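Visitor: Got a structure for you, questions after.
The values are calculated or read from the model by the stated rules, or taken from the named source; none is laboratory data. Just so you know, these numbers come straight off a predicted model, no measurement behind them. Heads up, the Cβs are rebuilt from the backbone with ideal geometry, glycines too, and the neighbour counts pull from every protein chain shown.
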Amino acid sequence: MISIKNLHASVEGTEILKGINLEVKPGEVHAVMGPNGSGKSTLANILAGREEYEVTEGSVSFLGNDLLEMAPEDRAREGLFLAFQYPVEIPGVSNANFLKTALNAIREHRGEDAMDAMEFLKLVKDRLQLVEMDQKFLQRSVNVSFSGGEKKRNEIFQMAVLEPKLGILDETDSGLDIDALKIVANGVNKLRSPERSFIVVTHYQRLLDYIVPDFVHVLAKGKIIKSGGAELAHYLEENGYDELLNANGKAAA
Amino acid sequence: MNQEKNKNLALCDAFIRDFQSFETQLNGQSTTQFHKERIKAISTFAELGFPTTRDEKWKYTNISSFLKKEFSLAASSKVDKSQIEPFLFDGMQKSRLVFVNGIFSAELSSLDENNGVVAKSLEAAHKENKEVVEKYLAQHLIFSDQPFAALNTAFARDGAFIFVPRNTIAAQPLHLLFISSSDSVPFHSHPRNLIVLAESSELQLVESRHFVGDQEQIYFNNFAAEIIVGANAKLDLVRIQDESKSAFQFSSLQAKVDRDAHFSFTGVDLGGSISRNDTNIEFTGENAGAQLLGFYYANGTQLLDNHTFIDHAVPHCNSDELFKGFMDDQSHGVFNGAVLVRPDAQKTNAFQQNQAILISKDATVDAKPELEIFADDVLCSHGATIGEIQEEHLFYLRSRGIGEEMARAMLHIAFANDIFERIKIESVREKLEDEIIKRFSE
Ligand SMILES: Nc1ncnc2c1ncn2[C@@H]1O[C@H](COP(=O)(O)OP(=O)(O)OP(=O)(O)O)[C@@H](O)[C@H]1O
Ligand SMILES: [Mg+2]
């Protein structure tokens, strides 16, 4: 699905990612955990095509394409989706119009006909249920005056409509209460399939009780310092990052 | 010799000369009370001359390209029904006044549904509604220091006359359509509108200014309007300016809003080589309100200028002003929003915002709020922003598969939405939205 090799990236001259290697196969769920400021969002944003990061070394191949050469919209059209940590508010653009335009751009790319208003409405109604969102959100401006939880659910809702091949969730669980967390996790689980992969970025092990990953990676100071199975998340929950970081520090020294 | 005022220009002389021949064509109208105003106005114009950029109100508005042109007094031009079809609105097909080069066209107009509103050409109203005309015409628009208003008053002959009697609620909107067609020589035209709403009446009005023929045709439209919104009356006016890209359009509007009355004005500026609007609102009674909205989209080398002046002369009035626009290519935008809160005008609320988006690096905007507040118990705010589309917004849309160009267009429309969503007449709003989308995708 995606193959990240020795990825180095910097912002305004400061190196943030210092050689990331990550291989995700179809159907797999990978969790990326790590302390604040370790570079998790940077990684996610680079994959989505944000331009303010400069990739200084390494490569990313997505479904056989050189991902780093592609425009953000082409990445999305090929099946990459990033659920943002902080979704932006866009006054004046309705959620419905936004999603319909996005969906039809993706369909056109796949050589499919544009969806008409009726078909679209049917689809979104179904997907709204998945994240237990009210239909009234469709007419509202994208994320404007949505609560924190509503914004996160809106990201998952968009993902459910656009049906990507790779979903990257950047702290979609942060700040959610347990009920909202279950809704979001349930939405993601329903989208899991042998063809679809996920990279779930999170701070908290709790999410991984609901979205059980195949692999867990610990990202610290721009590097993956440990990888393991779902049990690694439980280990981190009990022991925190410190021990791991210290051990890594010593190893590096 | 007064260099300052551009007095000795050939163009000034030409207008003064034209006035003499204009007078001889007036027939009966030269004996009216109003004709005395015309004579006063032409001598005021001769005294003032055209403004230069040394004039504070014209500081950012260089009209030298206009001053180099020659114009002759407008004559009517042959325009048929099919040519004006694109400019008509659903729901207003039977209540419209059409003017060609400033001259009323009975064939193109239709007043089958007048809703109790008196709507006719000003020329006819001079005879048929003498009392109202004499009471209001040229009584409100001050031209002593305004050369374009003076020139309009001097040449004012035709235009729209609208009178809404007491307690009359017009069920349907009324459409005023000003068509320009300069098939041979560039013309000058000075349409004059007089709009009077008597106590507790209501009217929705759409005024649109278009042209037939090519974008290169040069002409000079110098509009003026006097608007009286009587006590407890409500006027909603949407004005669309889409003149040719080579035209010069100037517009002076003076509105008086009486107690408990409300005036809503939305100005949309799209056309013109130089377009300058002076929009002045004066509150003459307490608890009156005004909403002043503006949208502009300029490209090429267009110069679009909006000067507004809101005079809070009495207490307890509200004014809410929002201008938004896009500047592309090498276009130049000017916004000057003056608000005066006089010493007696306590409990005034005055809000003003101007937001411009520069689509091109070569476009420029000069925006200046001008608040003068002499009362202490007031709530006033103003702001001006000049920006670009937010990269974060653009990225969000693109990250969902929307192409860059489409994403930009969506954000542009969204930016204008604040203005458009407040246009109450659906057919007008939809047409305008389509028009803007069309311009963005050109
Ligand atoms: N646009 C930017 N400009 C400057 N510095 C940046 C930018 N984006 C990220 N950084 C810096 O890069 C480092 C990594 O940030 P990043 O957001 O990737 O961390 P994170 O692991 O997602 O943290 P969190 O858990 O708080 O979300 C931080 O030190 C951050 O301040
Ligand atoms: Mg982050």
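Okay, residues lined up against (1) crowded, with 16+ Cβ neighbours inside 10 Å; (2) at pLDDT 95 or above; (3) of a type in the set (Gly, Ala, Ser):
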site: A:SER3; (1), (2), (3): yes, yes, yes
site: A:TYR53; (1), (2), (3): yes, no, no
site: A:ALA71; (1), (2), (3): no, yes, yes
site: A:GLN85; (1), (2), (3): yes, no, no
site: A:PRO91; (1), (2), (3): no, no, no
site: A:LEU99; (1), (2), (3): yes, yes, no
site: A:ASP113; (1), (2), (3): no, no, no
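Visitor: Looking at (1) surrounded by 17 or more Cβ atoms within 10 Å (Cβ to Cβ); (2) more than 28 Å from B:ILE218 (Cβ to Cβ), find the lone condition where B:GLN93 falls short.
Guide: In the conditions (1) surrounded by 17 or more Cβ atoms within 10 Å (Cβ to Cβ); (2) more than 28 Å from B:ILE218 (Cβ to Cβ), B:GLN93 misses (1) alone.
Visitor: Please find, within region A:12-42, the residue that is nearest to A:LEU191 (Cα to Cα) out of those that are buried (at least 20 other Cβ atoms within 10 Å of the Cβ), of a type outside the set (Val, Ile, Thr) and within 9 Å of ligand 1 (Cβ to nearest atom).
Guide: So the residue we want is A:LYS40.
Visitor: Return the total of residues in region A:202-218 being assigned to a loop (DSSP other than H, G, I, E, B) and away from ligand 2 (no atom under 13 Å from the Cβ).
Guide: The total comes to 6.
Visitor: Being within 14 Å of chain A (Cβ to nearest Cβ), over 26 Å from the mean Cα position of the chain (by Cα) and of a type in the set (Asp, Glu) is true for just one of B:GLU404, B:GLU421. Which residue is that?
Guide: Checking each option against the conditions leaves just B:GLU404.
Visitor: Restricting to region A:128-170, what's the tally of residues that are more than 15 Å from A:GLN85 (Cβ to Cβ) and within 14 Å of chain B (Cβ to nearest Cβ)?
Guide: Residues that pass the stated criteria total 13.
Visitor: If you don't mind, another one. Just to confirm my filter: which strands (runs of 3 or more DSSP E) fall fully inside region A:5-95 and include at least 3 residues that are in contact with a strand residue (DSSP E or B) (Cβ under 9 Å, 6 or more places away or on another chain), of a type outside the set (Lys, Arg) and over 29 Å from A:GLN205 (Cα atoms)?
Guide: A:54-62, A:90-94
Visitor: Please enumerate the residues belonging to region B:36-58 that are out of contact with any strand residue (DSSP E or B) (no Cβ under 7 Å at 6 or more places or on another chain) and among the charged types (D, E, K, R).
Guide: B:LYS36, B:GLU37, B:ARG38, B:LYS40, B:GLU47, B:ARG54, B:ASP55, B:GLU56
Visitor: If I ask for residues that are under 28 Å from B:GLU421 (Cβ atoms) and of a type in the set (Phe, Trp, Tyr), which ones from region B:222-273 would you list?
Guide: Residues satisfying the conditions are B:PHE223, B:PHE263, B:PHE265.
Visitor: Which residue is farthest from ligand 2 (Cβ to nearest atom), if the candidates are limited to region A:13-59 and must be more than 24 Å from B:GLU391 (Cβ to Cβ) and touching a Gly at 6+ places or on another chain (Cβ under 8 Å)?
Guide: Checked region A:13-59; the qualifying residue farthest from ligand 2 (Cβ to nearest atom) is A:GLU57.
Visitor: Still on this model: Go over the candidates A:SER59, A:SER38 one by one and state the one that is more than 18 Å from the chain's Cα centre (by Cα), of a type in the set (Ser, Thr, Tyr) and at negative phi.
Guide: Answer to the check: A:SER59.
For every residue, the table says whether it meets (1) free of Cβ contacts under 8 Å to residues at least 40 places away in the same chain; (2) in contact with a Gly (Cβ under 7 Å, 6 or more places away or on another chain); (3) within 18 Å of B:GLN146 (Cα to Cα).
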residue	(1), (2), (3)
B:TYR219	no, no, no
B:ILE274	no, no, yes
B:GLY285	no, no, no
B:GLY289	yes, no, no
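Visitor: Do you know which residues across region A:53-103 are of a type in the set (Gly, Ala, Ser), within 9 Å of chain B (Cβ to nearest Cβ) and over 26 Å from A:ALA185 (Cα atoms)?
Guide: A:ALA71, A:GLY92
Visitor: Touching a His at 6+ places or on another chain (Cβ under 6 Å), among the acidic types (Asp, Glu) and either within 22 Å of B:GLY383 (Cα to Cα) or in contact (Cβ under 8 Å) with a residue 24 or more places away in the chain (or both): which single residue out of B:ASP329, B:ASP278 fits that description?
Guide: None of the other options fit; the residue is B:ASP278.
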